[in-house]
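Input: a single structure, listed below in structure tokens.
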Amino acid sequence: MAAKKKSEAKIGETADLRAKTPDELKDQLLGLKKEQFNLRFQRATQQLEKPARVREVRREIARVKTILGEKAVAK
């Protein structure tokens, strides 16, 4: 049951991303890449509190890039 709620949350998140403009998506992508960079440093210095966040950020980056690609093809 918990897995169903997580997937439903992802669907809502994806819908929110699709509603954004390409410029907003690029800004969000930049922020996610900065966060990924900081998480990498935290991991290297053994200061990472939430290891699962690395995976979440990586997937969010992929999600944003996919939607940006879809919007570019749609033009």
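Express in Å², to the nearest 10, the accessible area of residue 48 obtained by rolling a 1.4 Å probe over the protein heavy atoms while all chains stay in place.
40
Using the heavy atoms of the protein chains alone and a 1.4 angstrom probe, what is the accessible area of segment 4-75 per residue in square angstrom? Could you put the intermediate results ahead of the total?
On the way: 5630 Å² over 72 residues.
Per residue, segment 4-75 has an accessible area of 78 Å².
Need one number: nm distance between label points at residue 66 and residue 16, each 7 Å from Cα along Cα→Cβ, rounded to one decimal.
Inter-label distance under the simple model: 1.7 nm.
Give me the percent of the accessible area of the chain that comes from carbon and sulfur atoms, probe 1.4 Å, all protein chains in place. Mind dumping the intermediate values first?
On the way: 3310 of 5960 Å².
That fraction is 56 percent.
Rounding to the nearest 10 and keeping the result within 0 to 90°, find how far the Cα-based axis of helix 52-74 lies from the longest principal axis of the chain.
Value to nearest ten degrees: 20.
Sticking with the crude label model, points 7 Å out along Cα→Cβ, report the distance from residue 45 to residue 23 in nm, one decimal please.
Here the answer is 3.5 nm between the modelled labels.
With unit charges on the beta carbons (Lys and Arg positive, Asp and Glu negative) and the dipole taken about the Cα centre of the chain, which residue among 21, 64, 46 sits farthest to the positive side?
Going by the Cα projections, it comes out as 46.
Give me the angle, in degrees from 0 to 90, between the Cα long axis of helix 22-44 and the longest principal axis of the Cα atoms of the chain, rounded to the nearest 10.
Orientation of helix 22-44: about 10 degrees from the principal axis.
Hey, got the dipole for the chain? About the Cα centre, +1 on K and R Cβ, -1 on D and E Cβ, debye to the nearest 20?
300
How high is the relative contact order of the chain? Use alpha-carbon pairs under 8 Å, at least six apart in sequence, and give a whole percent. Before the final figure, lay out each step's value.
Details: 26 pairs, mean separation 29.4, N = 75.
Answer for the chain is 39 percent.
The values are calculated or read from the model by the stated rules, or taken from the named source; none is laboratory data. Keep in mind that this is a model prediction, so the values were computed, not measured. Please note: Cβ atoms are built from the backbone with ideal geometry, for glycine as well, and neighbour counts cover all protein chains shown. The protein model used for the area step is the full one, side chains on, heavy atoms only, and it has no ligands, DNA or RNA in it. Shrake-Rupley method; radii C 1.70, N 1.55, O 1.52, S 1.80 Å.
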